[in-house]
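Novice: A single structure is presented below for examination.
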Amino acid sequence: MKLKDDPKAYAIMGCAMRVHDTLGNGFLESAYADALELEFKRNSIPYVREDEVYIYYGDTRLQTRYRADFTCFDRGYIIELKAIKALTKVEWAQVIHYLRATRIPYALLVNFGRSEIQYETFELARLPSI
């Protein structure tokens, strides 16, 4: 997924960039989540914070659920936040597993822990193998 080609992902990332421009790096993930929630409200982006989404094992829905930092646009997007030095394959794998297990079509992995915002986009239909 390319942000410029996806207006919803572009809007979500625009909010994340405003949060990073305002707060910079150095805060806990929860501060960025609070600020991002305000940006979503200001920009009329439908979201659920700490959304409990079901995990599927084949065709069976498990009792265990994953708590997404945010889902947006009626669970069309998972937004996973980090405040770390750098995103690695560990964080990528986490998001890839979340997409596969929940069947949500898109995800954005956003890292506020650097002087410049770092992000990755994911599309369930085009996931790499791990």
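Novice: Name every residue in the stretch 50-74 that is modelled with pLDDT of 95 or more and either on the phi > 0 side of the Ramachandran plot or among the aromatic types (Phe, Trp, Tyr) (or both), in order of residue number.
Specialist: Glu50, Phe70, Phe73, Asp74 - these are the residues of the stretch 50-74 that are modelled with pLDDT of 95 or more and either on the phi > 0 side of the Ramachandran plot or among the aromatic types (Phe, Trp, Tyr) (or both).
Novice: On to the next question. So, restricting to helices (runs of 4 or more DSSP H) that lie completely within the stretch 1-107, which ones have at least 2 residues that are over 18 Å from Leu127 (Cα atoms) and open to solvent by less than 20 Å² (accessible area, probe 1.4 Å)?
Specialist: Correct list: 7-23, 29-42.
Novice: Here's another thing I want to ask about it. Is one or more of the residues making up the stretch 60-68 of a type in the set (Gly, Ala, Ser) and within 16 Å of Gly113 (Cβ to Cβ)?
Specialist: There is no residue in the stretch 60-68 that is of a type in the set (Gly, Ala, Ser) and within 16 Å of Gly113 (Cβ to Cβ).
Novice: Just the residues that are in contact with a helix residue (DSSP H, G or I) (Cβ under 7 Å, 6 or more places away or on another chain), among the hydroxyl-bearing types (Ser, Thr, Tyr) and under 17 Å from Cys72 (Cα atoms), please, taken from the stretch 1-57.
Specialist: Selection gives Tyr10, Tyr32, Tyr47, Tyr54.
Novice: When the stretch 9-26 is examined, which residues are found to be more than 19 Å from Glu50 (Cα to Cα) and not small (Gly, Ala, Ser)?
Specialist: Tyr10, Met17, Arg18, His20, Asp21, Thr22, Leu23, Asn25
Novice: Moving on to the next point. Does Ala101 satisfy being more than 20 Å from Ile12 (Cα to Cα) and aliphatic (A, V, I, L, M)?
Specialist: yes
Novice: Also, I was wondering about something else. Hey, can you tell me all the residues within the stretch 104-122 that are in contact with a strand residue (DSSP E or B) (Cβ under 6 Å, 6 or more places away or on another chain), free of Cβ contacts under 8 Å to residues at least 60 places away in the same chain and not acidic (Asp, Glu)?
Specialist: Result: Ile104, Ala107, Leu109, Asn111, Gln118.
Novice: I want to confirm something. Restricting to the stretch 108-130 and keeping residues that are part of a loop (DSSP other than H, G, I, E, B) and open to solvent by 60 Å² or more (accessible area, probe 1.4 Å), which single residue is nearest to Tyr10 (Cα to Cα)?
Specialist: Per the stated criteria, the residue is Glu116.
The values are calculated or read from the model by the stated rules, or taken from the named source; none is laboratory data. Note that this is a predicted model, so its numbers are computed, not measured. Using ideal geometry, Cβ is built from the backbone for each residue, glycine included, and neighbour counts are taken over all protein chains shown. Protein only, heavy atoms only, side chains kept; ligands, DNA and RNA dropped before computing areas. Shrake-Rupley method; radii C 1.70, N 1.55, O 1.52, S 1.80 Å.
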